[in-house]
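Working notes, structure below.
The values are calculated or read from the model by the stated rules, or taken from the named source; none is laboratory data. No experiment lies behind these values; they were computed from the predicted model shown. So basically every Cβ, Gly included, is an ideal-geometry build from the backbone, and we count neighbours across all protein chains shown. Remember, those area values only see protein heavy atoms, side chains included, never the ligands or the DNA or RNA. Shrake-Rupley method; radii C 1.70, N 1.55, O 1.52, S 1.80 Å.
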Amino acid sequence: MPLYVRETRQITGAKGSLVFVKSLPKVAYGELVEIDVEGETRLGQVVDISQEITVVQVFGSSLGITPGRTVVRLRGETLKIPVSTDMLGRIFNGLGKPIDGGPEILPEDYLDIHGDPLNPALRMPPSEFIETGISVIDGMLTLVRGQKLPIFSGSGLPHNKIAMQIVRQASVKGSGESFAVVFGAVGVTFEEAMYFINELKGMGAIDRTVAFLAPASAPPVEKLALPRVALTTAEYLAWRQDMHVLAILTDMTNYCESLKEISAAREEVPGRRGYPGYMYTDLATMYERAGRVEGKKGSVTIMPILTMPDDDITHPIPDLTGYITEGQIVLSRDLWRKGIYPPVDVFLSLSRMMKEGIGPGKTREDHHQVFSQLMSAYAEGQRLREIIAIVGVESLSEKDKKYLEFADEFELKFINQGETERRSIEETLDLAWDLLAILPEEELKIRDEYVKKYHPKYRVSR
C-alpha cells in the first residue's frame, strides 16, 4: 500500500475526463492520482500544473466527482507497470492489465512507463539486419536492429495485415539469439481489435509476443499511455533479459488525435492543424527509446504505423515522424488498386540505416549493388510508362520494352507477395537476380564477379 503524503477535497471543477484541483505543494507533472468516488477508486494522472490549479486526467469519466466530497490523493509516484517474462504470449490493455482471460502476471519489477533516457555516449549505431520475410522490406528498405522505421499508410490500405505479417515472420539472423515482438494497438475499432486478438492467438509466434490493445472506446489517457507501456515492456526484455525486441505501434495517428483532444480540453494554444505545439517533442520521447547500448546484448527496434489523413504525407503527423525517425515505408494506393500486396512505394520509401545492415556477414555481398540496380531499372520502367501514355508502345526500342517488362514483373513478383509467404533474404536476392535477367546483361551496372556468381544464366550452368 503506497504512503499517501497529500490529499485534498478542493476540487474547483471537472470537464470531460479532466478534473481541476487546487494545487498542493510539491505536486509533480505525470504524478499518479487516486480519486475516491462513492466507494470506487479511479486512477488519474497530473497533466498540467500552475501556481493555483493542478489538472488531473482521469482514466475514465469524471462523472460523479463532486467538489467538497470527492477525495483526491497524490501518490508521489508516476504510473508504473509490473513486468515479467511471463508477459510473453499474453494480451494486455493500455495500462498493462491482462485482457486475454489469463491470470495476473507475477511481477519481477515495477517500471516507470516513461523509461530512463539512454546515455547518448553509450549508444551504439544500428548495424545488424532484422529479417521480416517480406522481400520489398528486406531487399529495398532493410530494417536494422535499434532502428526506428515507420510505415506511412492511408485509410483502407492493408497496414494492419502488414503489421501482423511482420509480427508473425520477423526474426534475427544468427543462432542462439532471443527475439521478441511487442505489439501495441492504439484507438482501434472493435473489429480491428478482434482481428489482432484472433491473429495473435492463431499464429505460431504468440509465445514470443507481448500485445497491448486500447480500443477506440478507451479513455484518451489510456491511449496516450499504451505506447509508453509497450516500450517499457520492450526495454525490460531488451536491457534486463538480453532479447532483441521489435516494437510495432499502430495506429500512431489515433495517439496524436488523443493528444490533440486533451490539449483542446486544457485550452492550450493550438499549433498546426490544431495539434499541440509540443507534439514533436512528445513523439520523440517515445521513438528515441529505440537503440542499442554498449554493454547490453539486447536491442529495441521500433516500427510505428500511422495513417496519413487524406493520404497527405505533409500532414503534421507523418511530417514530424519523418524528422525523428530514420526513414519511412510508404504504402501506395495505386499499387493496392492493382492488387499488389504489400503495396509499398519504393520511391517514396527510405531506410537510412540500410547500408549499415547489409553486405557480407549480414545479408549477402551483392545486396547493395542489386538494390541500386533494381531501383535504377524500376525508375527507368516508370519513366517509359509515362512516355508510352503519350506516344504509344510501338515507338519504343527493344531495350525500352525490356525495361517496361521489368517494371511490370518487379511489381508482380518482387513487391507482390502472399500474406502468409515468408521469403529468406537469400530467396529475395535470388528473385531480384531472376528479374534483372530480363534486362540485357550489358545494362547491368554490377561487378562482374557478382554477375558470374548470381546471374541465373551462370547459376544454372554451374
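Selection of first residues in region 1-21 that are open to solvent by 40 Å² or more (accessible area, probe 1.4 Å) and at pLDDT below 85 and of second residues that are β-branched (V, I, T) and part of a loop (DSSP other than H, G, I, E, B), restricted to Cβ pairs under 6 Å at least 6 apart or on distinct chains, gives the following pairs, ordered by first then second residue: A14/I65. The set of residues in region 276-307 being open to solvent by 10 Å² or more (accessible area, probe 1.4 Å) and part of a loop (DSSP other than H, G, I, E, B) consists of G277, Y278, E288, R289, E294, G295, K296, K297.
Checking the condition of a type outside the set (K, R), open to solvent by less than 10 Å² (accessible area, probe 1.4 Å) and farther than 15 Å from S84 by Cα, which residue from Y236, Y255 passes?
Details: Y236 fails: farther than 15 Å from S84 by Cα.
Checking each option against the conditions leaves just Y255.
Only residues that are touching a helix residue (DSSP H, G or I) at 6+ places or on another chain (Cβ under 6 Å) and farther than 30 Å from S171 by Cβ were counted in region 356-381, giving 2.
Say whether the condition of being exposed (fewer than 14 other Cβ atoms within 10 Å of the Cβ) and free of Cβ contacts under 8 Å to residues at least 12 places away in the same chain is met by at least one residue in region 344-353.
Residues of region 344-353 exposed (fewer than 14 other Cβ atoms within 10 Å of the Cβ): 347-348.
After this cut, where a residue has to be free of Cβ contacts under 8 Å to residues at least 12 places away in the same chain as well, the list is none.
No, region 344-353 contains no residue that is exposed (fewer than 14 other Cβ atoms within 10 Å of the Cβ) and free of Cβ contacts under 8 Å to residues at least 12 places away in the same chain.
Across region 388-426, the qualifying residues are those that are free of Cβ contacts under 8 Å to residues at least 12 places away in the same chain and among the hydrophobic types (A, V, I, L, M, F, W, C), and the one among them that is most open to solvent (accessible area, probe 1.4 Å) is I390. Within the option set V245, V221, V269, V229, being surrounded by fewer than 22 Cβ atoms within 10 Å (Cβ to Cβ) and either within 20 Å of D319 (Cα to Cα) or among the β-branched types (V, I, T) (or both) holds for one residue only, V269. Here the condition is being part of a helix (DSSP H, G or I) and closer than 27 Å to I151 by Cα; of D400, D408, it holds for D408 alone.
Candidates are the residues of region 67-118 that are more than 14 Å from T233 (Cβ to Cβ) and assigned to a strand (DSSP E or B); the one that is nearest to the chain's Cα centre (by Cα) is T78.
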